[in-house]
Structures are given as structure tokens and as C-alpha cells.
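The values are calculated or read from the model by the stated rules, or taken from the named source; none is laboratory data. Everything quoted here is computed from the prediction, not taken from an experiment. Positions of Cβ are generated from backbone atoms using ideal geometry, with glycine treated the same way; all protein chains shown enter the neighbour counts.
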């Protein structure tokens, strides 16, 4: 089944591409740079959405929906934001097609249907949302405004990669408005924490919380915070961002509120988002040469039951048992699939569910029926064990928790092993070229030095960690004084 | 609060527009023809989505996601479908903006970033999905393929109306592929039934199931089935459609499978969808001059508790009781809001929750505390009653069911009263001009007659009801023979 999946150690990039395709997660489409998310992949995304959506609502946010198009004049209003996205905008210029007079059955753009003002397909929705907030906010009583949107966005990337960088992707974008700077900053950090908790608890993905340097900030933000994760090939991946927008968008769109003293003030804003990029992070963080490895909390199928049989009679007896097990586990809110197909061998099925990352496999054969046992196997460690049927309802939930915990711990150990403290530029380059990983190093704080390091090594400052410690040192590049280490890595 | 909401009898259309705005359902945006769905409106849509999504999964479908863009060459492939949508397509022609050299801070479309092939923003996804199915389907083992997508689509409508007809709207679109004609037809009808059940059970909206005439068929379908509902102004609204596509898209995109005899055959297809248009139907079917009336199964807040107090001490005692009630009802899976704000009077709150269609209101005052009673009031009938506190947990669920049932019954009675059996064209015109409603009348079966009637009266054949009875008669327009009555109405 998984014959031919490339090994991570030989070609990590090919391994990823093949895995995405063969585990039925996603596919390239006929539209340049856009992906098709297949049902199995989409069901993982749905689990992510559910967990995040619940958390957003618990923290007081409501969902809403804003237009997919941004008129050019609105898009321009916040200058830095517009500049940041202008080079990757899909632009709608016409609203009608007509029959090609020269080619039968073909259509051409109708030149008479040119829009007066071009529409940008949203690369992000600050512009269209803040132009709406202007209508919704008059008084301090209208604040805070805590809104989230689940949507598709388009950024015309030249080099695309399924889940990691696609022209169209799915995401959620929170957009909030507040009466004070403090409250907006608090919101920015609260949502960063929501993302970090989600990554660690659900995705089993340890992350480093930090703030971006000026160079890496979201266009139009005063501060950008992020969570950064480390992939198995030693490259970093930005898994979520939360932006403190200050009054930038309020000023660009003239959004003021009258405070308790009846004075007009500009509103303070935040925005924050995670996207289908998380799917890429999930795949790359845990999977192995046999296929996908999924944390149980995000696995569409948590347990698969495979019957081992020769005769139809055996299958019947096993099926009865299997249906009983399915019911018992479903009562404990565990998602179970019983695969009773007689078209594939058990070996084929084992390989298939390994490829698809199902956390636990239960196998039942005729001898198990006699002995009242089942065989249970973990996807993460490949550990197998024959257990008494009566133990099942205790052991399955335990093992699922244990897999969730093990994946996190394994990723954390990997990260610890691949986080380097480095004090010389030579060593810095050597680490990057040999094993990669995170590098904590001194930096002089200047955008110029950051840019030079990026040019020469392709490593960027992922973040200034929130648990940044004051420590005097010298910039590894310029030798100038530094007050603490920042986090470098090559990144996706 | 709802002062100034126009009366339905005076200006139904203005009543609808104002209600949508004032009940915080949706708003116009700065983008021509596109709406903003506000949090309260969106939370109703979320409830609709949840109920439908559950039903789609129970009937074997999985969700997936396909690109928002359709390359022009794919769009053209199914000729009738392309023709049907060509006139309302938003077309992306460029992928970059650049700084306007003549105007500081402004952007222009970069003429060097013209796409080689234009991209259509999907008006519907048959083209992009069937071009993908070609890659996914080889053998009968790959069938049936049962996929649904929740997405935004764009149809450049000239006259727009919030929820009912907008340039961008949200919907779900099911796209299935089958080995046989029978199975595809069965799927088409199963999904029609899913829609009808959803409309009747959740929306409390009685619908007539039927098949569209050729004139009204979905472009590219062999048969279109629909559910049709009647609004309070006597106009019909198409609330969902399910299309039997035959082999049209399979042929256009060359999608074949090898059957059990190893022979290649074209695949049979269906597609089916409902959209945010359902929000319009929900509003118009039940609401009154005081505001929205929501069926409990789709109400974001099912019960609101309003305290009646003068002193802070009274509020404290009432709040204790209210929190207790909230907890008791939430244990029964009832969604409760306790509005303890001291900024508005109880009267203001009563009007506000009436406007927002909250099905049940509980009021508690100091005397209720003494007597251990509460006042409970229904939104639909305005019935009010003082009940003993101990009865609460029984009466609230009963009343909620009763409201759900009453709304359905009321809408059904309205429809019965406004469904006319009509045998002359003069009477037909009179009914349309005076009271509207559904008209069951004989039609000769020709597209020409249908077109003439539409031109002269603005009424269309909504459907040929599935419970169509053979009955010989004469076409009300042409006098030619007819074999049964079809359903006419003016429609949204």
C-alpha cells in the first residue's frame, strides 16, 4: 500500500508531497496554485475548526461574514497593509462573459462589462471589515466588538506548496475593536494564548510564543505576535499570528467612538488568524516513513477494527464481536471504523490505516474469539499487545491519551535536541547547513543585520520569545552589543 | 425599540429590509450587491448549517473543498451550464497591483500581470469538481462518490436584495457521481427529501416538492427538482434545488469508469444546494410587525430572562433566581440568555427581544420572588402566563415545542388559504393582482405558453408537484389539452 512512499531522510520534501497525496489529504487542482482538500483531509480541518471555534466562543467572540471582494479604494486606505499585499492580489475587472464571435462554443470576457472600480479578492479582510466597523461603532457601549470569520482568502504566491503556501487557502480571521490600548493588547495576547494551547493540546505540537521583528511584522500592525513550531527536517513553521493594530485601521477608516466623557477617540484594533497551513504543520511534525501519524484529538477515525478471517462464517462471528466493540467505544465518544471489506487482505488494510494515521488498530481473528482477546496496536510506537476483551473499554481510552501525550513529548524532545545556543556566526552557518533547528543567538536589533543574515543564510528571526531573558552579549553578525537572544531558523 | 418598523400590510418590501437591518441579521456592504452577515444573523445560519451538515453525513456524504476559481476553459466545457452563467460572472484578469506613478498612495492594476487565462469566481462548482472527479474515478469501486462543499459563490446579479439575491452568497453544494442512472436519480430525490424535511422540521416551513419545467431547469441538468415555499405576501420562494445531471458533466469532462465487466461507461451525476437565501425565507415566512419570529430549533437564544427591578438589592435577589433558572434550562439543552443590564428598562428589553424573535421570554419581578412564580410569554401568539416556579422545567420545553409546531401549522394554514385552484386566465390574473399565492392550473406543456404567461403576468411555473394527479383539462392560456395542474406563482 505505502510502497514507494519516499523516506524522510532521503527526500523530506518529496516525502511530504507524496504523503499528502497518498493519505488522501489534498490534491493539486486545475487552477494554478489552488488545492483541492479531499474528504479525509477536510475532516481533520473540521476537527481543528470545531476545537478553535469553541474556544473563540468561550472567549466571547461571535462569527460573522464579510464580502470576499474589496473595492480597490478601500484596499488602498491603510497604506502599509495595501503595500504589503498589492503584489499578490487577484483582481476582478469584469462582470460578464460573452460568446466568442469567432470560435463556436467558446466564451470571452465582455469588454462592455468592465467594472468602474476593480475588486480585489480578499487577501485578508481588515479593509472591508474596518469600513463596516465605521458604521457599527459610535459609542463606548458598542465596544468591545469581538468578531471572527471563517473564510477563504487569496494571495497570489508564485511558489506554492499544498497546505503550506497556496494561492487560495481557508482560515479564520478575528477582528476586534476596543476602547483602550490596554484592552486591545490584552486581546492580542489572549488569542495568542488560545492558539498556543490549541497547538499544544490538540495538535500535540509544542510552540514558542514570541513577537516578530519589524521586518517580519504584518503589514499595517503595530506589533505582531506568533507561535513558532519546529518540523522534523529542522525548519521552523509559523503556525499562527495575532496582531496588535494600534489605531492604524481606525485612522485609515475613520472609526471613532465617543467615550464616557463624550469625547471622540479612535478605536484600538487587533486581528489574528490561523489557516489550513496548520494541516501542513500537523503532517510534518509527527508523521513517519509509513505515513501519517495523527494525534487522537484530531483524528477523524480514532480506532479502526480489522477482522482476520478466511471463511464467511468466521467473518460473521468476528463482525458480531466487532460491532459490539464499536458500540462500547462509541459510548465513550470514541470514533470507530469497522472495516469488514472482503476485497482487501488484512495486511493491505494494516498498511492503509498506517498510511492514514489512525491512532489505534484493533485486530480480531478466530483465535481471539476463542480466547476472548483482541490485538491492539498503536500507530505512534508500533507497540502491539493482546488484551482480554474485558479490558478493552479501559485500555483504549488510556492508550489514546497516551498517544496524544507521547506525540507531544516526542515533538518536545525533538525540539529540545534541535534548539542550539550559538555565539559565533561560523557555528551558526554550520548548524543551519548540517542539522537545522532553532538557534538562539544574539542580535544587535537592527533590521539591516537581520536582512544580511537572511541573505547569507536564508535564516530569519522567527521571533523574540515572550520569555526573553535579559543577557548581555554580542551580535553574532555585527559584534555590536545585544541585550538578549532571539530565535533564528530557516522556515517554511 | 421597534418604533418605525413598517407594517407588512403597508409595505412588505420595506418591512423586510428594515427588519433585516434592525434585528441585526445583515447589512449592506461597501461592495456592490454583497452583504455583511452580522453575528446574530450568522448564528442562525450556523444552526441551519449544523442541522443540514448532520443530515448530509448521516446520508453518507463527506465534506471537501474545491478552488474558488474556475479557469475559463473548464468553465466552457459544459456548454449549457456555461451559457447559463456567463452573463453573471465575476472575472479575474490580473494577479498584481502596483503603485500609481501619478497618484501618491494609490494603486493601479499592473498591466504586466495579466493572466494568460482568465479565472471565473465560481458561480457554482460543477466544472471545477467534475474536472477533479476525472482524476478520482477509474473503476466502479470508486463509486458512488458523495461529496458536499460549504462555500461562497458569486453571481453578478443586477438587482440585489439581502439574503434573497446577492452578488455573493454562502451555500452548500453537493456533487455526487454514480455508476447507474437509477442510483443517481435516487440520490437526487433523497436530497430533495432531506431539504424538505429540514424546511418543515427546523424552519417550520411547509414546502411543495416538485420538478421544474424545462425553462426553469438548472443549466446543464437533465431534471431539476425543487422545494417551493409561500411567503406572507403571497409570493413563492424556491428554497432548495436538487439536480439530476444525467451524464452531461461526465461527457463534458470525460469522466468514465470501468464497470464490473471491465467496460468503460460515463458516470451519472447529481448536484444539490441550499443557500443563505433560506435566511430570507425564514424571516418572511413567520415574522410580524413587531419583528422577527424564529422557530425554537433555529433560534440562537431560545429563552431570555428579563429582571423587573427598582433597587440593586432586588436585582441581586432576582439574579440569583435567574441564574438558577438558566442552569436548570441549560441542563435540558435549552439556550438561555439572562439580560441583567441596568442600562435599559424592562419595556425596552421586551421590545428588543421581540424584534429579535426570541421564542420565549421569562420575566421575574419582586412579587414573583415572594410568590415563587415567574411570568412566561410566547413570541408567536403573545400569550402570557404566570406559572409556579416548580412548573418551569416542564412548561418551558413544552412551550418551545408548541411554538415550533404552531409556526408550522400557521404557515401551513396560510398556504392552504392562499392556494387556489383556477380554471380561467381572467381569474388567474385577478388572483395574482389581488391576493397572490399559489395557483394550481392547467398548462399545455409548452415552453412558449409558459413564457407568454410569464411575460403577461410575471407568474412562473414554480414546479410540477411530485404528487401531481392526472386530470384532464384545458390550458388556462391556450385552451389546449392538459393532463394535470401545475403550480404557478409570482416568485422571489
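Before moving on, here are some points about what is shown:
- Residue among B:362, B:374 that alone is outside any helix (DSSP H, G or I), touching a helix residue (DSSP H, G or I) at 6+ places or on another chain (Cβ under 6 Å) and over 30 Å from residue B:236 (Cβ atoms): B:374
Okay, residues lined up against (1) at the interface with another protein chain (Cβ under 7 Å from one of its Cβ atoms); (2) touching a strand residue (DSSP E or B) at 6+ places or on another chain (Cβ under 8 Å):
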{"residue": "B:61", "(1), (2)": "no, yes"}
{"residue": "B:68", "(1), (2)": "yes, yes"}
{"residue": "B:74", "(1), (2)": "yes, no"}
{"residue": "B:99", "(1), (2)": "no, yes"}
{"residue": "B:110", "(1), (2)": "no, yes"}
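- For the condition within 14 Å of chain A (Cβ to nearest Cβ), touching a residue at least 24 places away in the same chain (Cβ under 8 Å) and touching a helix residue (DSSP H, G or I) at 6+ places or on another chain (Cβ under 7 Å), residue B:198 does not qualify.
- Restricting attention to the range A:132-143, the residues being at the interface with another protein chain (Cβ under 10 Å from one of its Cβ atoms) and in a loop (DSSP other than H, G, I, E, B) number 0.
- Which numbered condition residue A:42 fails, given (1) crowded, with 21+ Cβ neighbours inside 10 Å; (2) within 16 Å of the chain's Cα centre (by Cα); (3) more than 7 Å from chain B (Cβ to nearest Cβ): (3)
- In the range A:281-324, the residues that are buried (at least 21 other Cβ atoms within 10 Å of the Cβ) and more than 23 Å from residue A:405 (Cβ to Cβ): A:305, A:306, A:307, A:318, A:322
- Per the listing A:244, A:253, A:257, the residue uniquely closer than 23 Å to residue A:190 by Cβ, in contact with a helix residue (DSSP H, G or I) (Cβ under 8 Å, 6 or more places away or on another chain) and surrounded by fewer than 24 Cβ atoms within 10 Å (Cβ to Cβ) is A:257.
- Complete set of residues in the range A:468-479 that are in contact with a strand residue (DSSP E or B) (Cβ under 8 Å, 6 or more places away or on another chain), assigned to a loop (DSSP other than H, G, I, E, B) and over 19 Å from residue A:215 (Cα atoms): A:469, A:471, A:472
- Within the range B:1-23, restricting attention to residues that are closer than 25 Å to residue B:154 by Cα and crowded, with 18+ Cβ neighbours inside 10 Å, the residue that is nearest to the other protein chains (Cβ to nearest Cβ) is B:20.
- Condition met for residue B:82 (within 30 Å of residue A:98 (Cα to Cα), at the interface with chain A (Cβ under 7 Å from one of its Cβ atoms) and at pLDDT below 95): yes
- In the condition set (1) in contact with a strand residue (DSSP E or B) (Cβ under 9 Å, 6 or more places away or on another chain); (2) in a loop (DSSP other than H, G, I, E, B), residue A:304 is compliant with all but (2).
- Residue list for the range B:334-351, filter: in a helix (DSSP H, G or I) and within 14 Å of chain A (Cβ to nearest Cβ): B:348
- Residue satisfying all of: in the range B:24-34; in contact with a helix residue (DSSP H, G or I) (Cβ under 8 Å, 6 or more places away or on another chain) and modelled with pLDDT under 95; surrounded by the fewest Cβ atoms within 10 Å (Cβ to Cβ) among these: B:30
- For the range B:122-131, the count of residues that are crowded, with 19+ Cβ neighbours inside 10 Å, closer than 30 Å to residue B:262 by Cα and at the interface with another protein chain (Cβ under 8 Å from one of its Cβ atoms) is at least one.
- Whether a residue is more than 28 Å from the chain's Cα centre (by Cα), outside any loop (DSSP other than H, G, I, E, B) and touching a residue at least 12 places away in the same chain (Cβ under 8 Å) was assessed, and residue B:146 does not pass this test.
- When the range B:377-400 is filtered for residues that are touching a strand residue (DSSP E or B) at 6+ places or on another chain (Cβ under 7 Å) and either modelled with pLDDT under 95 or assigned to a helix (DSSP H, G or I) (or both), the ones remaining, listed by number, are B:389, B:392, B:395, B:396, B:399, B:400.
- From A:439, A:403, A:453, A:464, residue being under 30 Å from the mean Cα position of the chain (by Cα), touching a residue at least 12 places away in the same chain (Cβ under 8 Å), over 30 Å from residue A:349 (Cβ atoms) and part of a helix (DSSP H, G or I): A:453
- Among (1) surrounded by fewer than 21 Cβ atoms within 10 Å (Cβ to Cβ); (2) assigned to a loop (DSSP other than H, G, I, E, B), the one test that residue A:327 misses: (2)
- Filter result for residue B:117 (surrounded by fewer than 23 Cβ atoms within 10 Å (Cβ to Cβ) and over 22 Å from the mean Cα position of the chain (by Cα)): yes
- In the range A:201-222, the residues that are surrounded by fewer than 23 Cβ atoms within 10 Å (Cβ to Cβ) and under 12 Å from the mean Cα position of the chain (by Cα): A:202
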